[in-house]
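First comes the structure, then the notes that go with it.
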Amino acid sequence: MNLEQKAITTPLVELKSKLFDSHRVKVSIKLDYMNHPEVQGNKWHKLKLNLLKAIDDNKKTILTFGGAYSNHIAATASATQSLGLGSIGVIRGDELAKNKTRWSSTLQQAEQNQMKLIFIDRQEYKKRNQPEYLRQLQKQYPEASIIPEGGSNALAIQGFQELMAEINEQQPTWTHLYTAVGTGGTLAGLYCFANEGLNNDTNRHINKTIYGVAALKQGEYLVPQIESWITACSLKQTVNNSTNWQLLTEYHDGGYAKQSTEGKNFQLNFEQEFEIPLDPIYTNKAFFAFFDQLKSGKIPPGSEIILLHTGGLQGRH
Ligand SMILES: *Cc1c(COP(=O)(O)O)cnc(C)c1O
């Protein structure tokens, strides 16, 4: 992982299907998972500036939080390992401490990348954003730079500037963009920089909406946090008023890290038809949501849709 360089430009490819022709829409997929084998997709963008800051601040370790299936945990372990930094993962679920046979491939991979894993119970995990709790952790690990769950903070959001500039160069006339949501940091970042690099007046005034598809149940609770990230970044950044965002909460497919038979079938069909692998936790739900909205007539003819493949493929097994 080279932090000094811009991430490689990942391909944006058009998907061809009779369904899209019959609705007269253009659909493209941004294969952002190709940016890095382990620090994949949105995790690369979210970590980059945080890691640079940690190095600048002379920190030796990154401490962060996540569940057993957290791609952010896997990405942090891999990125820090390759940069010669240490990493500490504070993991939800103390029952896992003594039961290695139940570890997800995500946790196994993190450990292989030398992450020190600390398991805490669900009660303690709830304190992960409380200032007093974080102060204590910082005292305990003075050499660590602490990054919140999912890597979402102001620097993570700033990291999407590069990605939106790339998308807007590849297809400035897009009208809909679908992305998966865990914490909502990615959604906030994409929205903040939705007009990045659009210098042409016509392109700037096309209606654009970013749809975030919540991968967990009752995702409504994420909205205030997303709004506050957006408020913070709009102090520095102006998003024009033909650009909108929306959180879709009906497509969690049973909840976080769950998948229904319908969801599984959708994934198999998608992977077969387009020859692009999806992950069951995030991208599959986001793209299912798009297909459902298209079929139910919510997307007008002439629309140009971008499906953002945010990665997560390490968690497929
Ligand atoms: C982490 C992750 C997300 C969710 O990102 P947030 O910024 O937490 O909303 C989406 N897709 C994939 C593949 C992820 O790994």
Through the Karplus equation 6.51 cos²θ - 1.76 cosθ + 1.60, θ set to phi - 60°, convert the phi angles of the range 146-162 into ³J(HN,Hα) values in whole Hz; use x for Gly and Pro.
8, 10, x, 3, x, x, 7, 7, 4, 5, 4, 5, 4, x, 8, 4, 4
Amide proton proximity set for GLY86, modelled H, under 5 Å, gap of 5+
THR61, ILE62
Interchain or sequence-distant (5+) residues whose placed amide H lies within less than 5 Å of the amide H of HIS36 are GLY41
List the residues, sorted by chain then number, that are 5 or more residues from THR243 or on another chain and whose placed amide H is less than 5 Å from its amide H.
LYS208
Counting Lys and Arg as +1 and Asp and Glu as -1, what is the net charge of the other residues whose Cβ lies under 10 Å from the Cβ of LEU278?
0
When you count, for each residue, the other Cβ atoms within 10 Å and take the mean per peptide, how do 235-243, 145-153, 305-313 rank with the highest first?
305-313, 145-153, 235-243
Give me the Kirkwood hydrodynamic radius of the range 178-297, using the inverse of the mean 1/r over all pairs of distinct Cα atoms, in Å to one decimal.
15.3 Å
Taking the range 1-85, which trypsin sites (Lys or Arg not before Pro) meet the DSSP loop condition and have no more than 13 other C-beta atoms within 10 Å?
LYS6, LYS16, ARG24
Looking at the range 32-180, I'd like the Rg to Rh ratio, where Rg is from alpha-carbon atoms and Rh is Kirkwood's inverse mean 1/r.
1.00
Can you tell me the orientation of helix 42-56 relative to the chain, as the angle in degrees between its alpha-carbon axis and the longest Cα principal axis, to the nearest 10?
40 degrees
Once phi for every residue in the range 272-285 is put through the Karplus expression 6.51 cos²θ - 1.76 cosθ + 1.60 (θ = phi - 60°), the whole-Hz ³J(HN,Hα) values, with Gly and Pro written as x, are 6, 5, 9, 6, 10, x, 10, 9, x, 7, 10, 4, 4, 5
Over the Cα atoms of the range 228-273, what radius of gyration and what Dmax do you get, in Å?
17.2, 44
Averaged per residue, what accessible area in Å² does the chain show with a 1.4 Å probe, protein chains only?
46 Å²
Residue-count net charge about LEU308 - beta-carbon cut-off 9 Å; Lys, Arg +1, Asp, Glu -1:
0
Using only the alpha carbon atoms of the range 131-238, find the Kirkwood hydrodynamic radius as the inverse mean reciprocal pair distance, in angstroms to one decimal.
15.3 Å
Could you give the radius of gyration (one decimal) and Dmax (whole number) of the Cα atoms in the chain, in Å?
19.2, 60
Quick check: residue separation of GLU124 and GLN170 times 0.36 nm, minus the Cα distance between them. What number comes out in nm?
12.1 nm
Go ahead and set up a Gaussian network model of the chain, Cα springs under 10 Å, then flag whichever of PHE290, PHE274, PHE193 fluctuates most.
PHE274
Report in % the part of the accessible area of the range 101-175 that belongs to carbon and sulfur, leaving out ligands and nucleic acids; probe 1.4 Å.
47 percent
In nanometres, what is the gap between the two model label sites at ASP57 and GLN218, each 7 Å from Cα along Cα-to-Cβ?
3.2 nm
When the expected Rg is taken as 2.2 N^0.38 Å, what fraction or multiple of it is the alpha-carbon Rg of the range 1-113?
1.35
Rounded to whole Hz and in sequence order, give me ³J(HN,Hα) for the range 112-127 from the Karplus expression 6.51 cos²θ - 1.76 cosθ + 1.60, θ = phi - 60°, writing x for Gly and Pro.
4, 8, 6, 6, 7, 9, 10, 9, 10, 6, 5, 5, 5, 4, 4, 7
Charge tally for neighbours of GLY150 with beta carbon under 11 Å away, counting Lys, Arg as +1 and Asp, Glu as -1, is +2
Longest principal axis of the chain (C-alpha) makes with the long axis of helix 71-83 (C-alpha) an angle, in degrees to the nearest 10, of 70 degrees
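The values are calculated or read from the model by the stated rules, or taken from the named source; none is laboratory data. No experiment lies behind these values; they were computed from the predicted model shown. Backbone-built Cβ (ideal geometry, glycine too); neighbour counts: all protein chains shown. Side chains are part of the model used for accessible areas, which takes the heavy atoms of the whole protein and leaves out ligands, DNA and RNA. Shrake-Rupley method; radii C 1.70, N 1.55, O 1.52, S 1.80 Å.
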